[in-house]
Ligand code: G4P
């Protein structure tokens, strides 16, 4: 399966960010707590150089808390990167990120001028929501359109902090292949980039392996299906989703499965663990 992407968008966003990066004192990179590795932008380390970074594992409410704790530990202990978790409408916690940022920047900078913080993150990860929470008013546009980009803007915050919004940074991890699928499962990349039913099949396989009991309970299945396709067939049978000729309507099943997964109807689900990602990276390195 080939994953097509749109380099035009990527180059423009990268260029803009590269231009302003040297003026920044700190980067807040917003990640999706369900996929902290796949939603990390592989361009960021090269672009930020020595600029300090705080990784925010956002949408914590949708992710498996035990796995999120593993990720936070992995980032902090193994990678030496400051990592915090967050969910929307938690203004005090969000303001805590700014306090942490102030601690991470030398006094010599804070004493002489405003602290410049840039927010980065792939589309739809919750950047605007965080900016609005920090500002205490709607200054950035939120929405569920992954490709929406914004004009760059600096927002004045109390304590002499300037917050820089960035255009949707369209450079998510599409290799290993699993990263691309996970981004599609969360809705971060457009359904058209990867075949919709392939995305659902990937999700079905993963859910069976990681959360078999939850899936069976949700869809009223007495036995754990052998694989993702068998799960999709079983959902079609249970919900009576049949296409012409009585064959399982896999498009309808895909829609239900992905919508329910994204909405949290299947409970808080993480789509990757540090162990899984390390195994995939090791496999990729051997290719
Ligand atoms: P972006 O700037 O990075 O592109 O993302 P944005 O803030 O626009 O957020 C994308 C969607 O994710 C929004 O939902 C937003 O409400 C939702 N979101 C942000 N943070 C969290 C979180 O911690 N938990 C959950 N569950 N959702 C979060 P939307 O329905 O697309 O837009 P809206 O109707 O809420 O504006």
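A short reminder: the numbers here are calculations on the coordinates, not readings from a lab. This structure is a prediction, so every number in the text was calculated from the model and none was measured. When we count neighbours, we look across all protein chains shown, and the Cβ atoms used for this are built from the backbone with ideal geometry, even at glycine.
A few comments on the model shown:
- Contour minus Cα-Cα distance for residue 213 and residue 91 (0.36 nm per residue): 40.4 nm
- Within region 33-62: backbone nitrogen closer than 20 Å to the residue 103 label point (7 Å, Cα to C-beta): 51-58
- Of the beta bridges in the chain, as assigned by DSSP with both residues counted there, near 25 percent are antiparallel.
- Inter-label distance for residue 61 and residue 175, nm, one decimal - labels placed 7 Å from Cα along Cα-to-Cβ: 3.8
- Ratio of Rg to Rh over the chain (Cα coordinates, Kirkwood Rh, two decimals): 1.00
- When each of 51, 133 is scored by the number of other beta-carbon atoms lying within 10 Å, the sequence from fewest to most is 51, 133.
- From the alpha carbon centroid of region 259-287 to that of region 64-79 is 13 Å.
- Only Cα pairs under 8 Å and 6+ residues apart enter the sum, and on that basis the relative contact order of the chain stands at 21 percent.
- Cα-Cα P(r), region 177-285, percent of pairs per 5 Å interval: 2, 12, 22, 24, 20, 12, 5, 2, 1, 0
- Per-residue ellipticity at 222 nm computed for the chain from its helices equals -13000 deg cm²/dmol, with DSSP H segments shorter than 4 residues left out and the rest contributing -39,500 (n - 2.57).
- Linear extension gain, residue 237 paired with residue 114, 0.36 nm per residue minus alpha-carbon span: 38.2 nm
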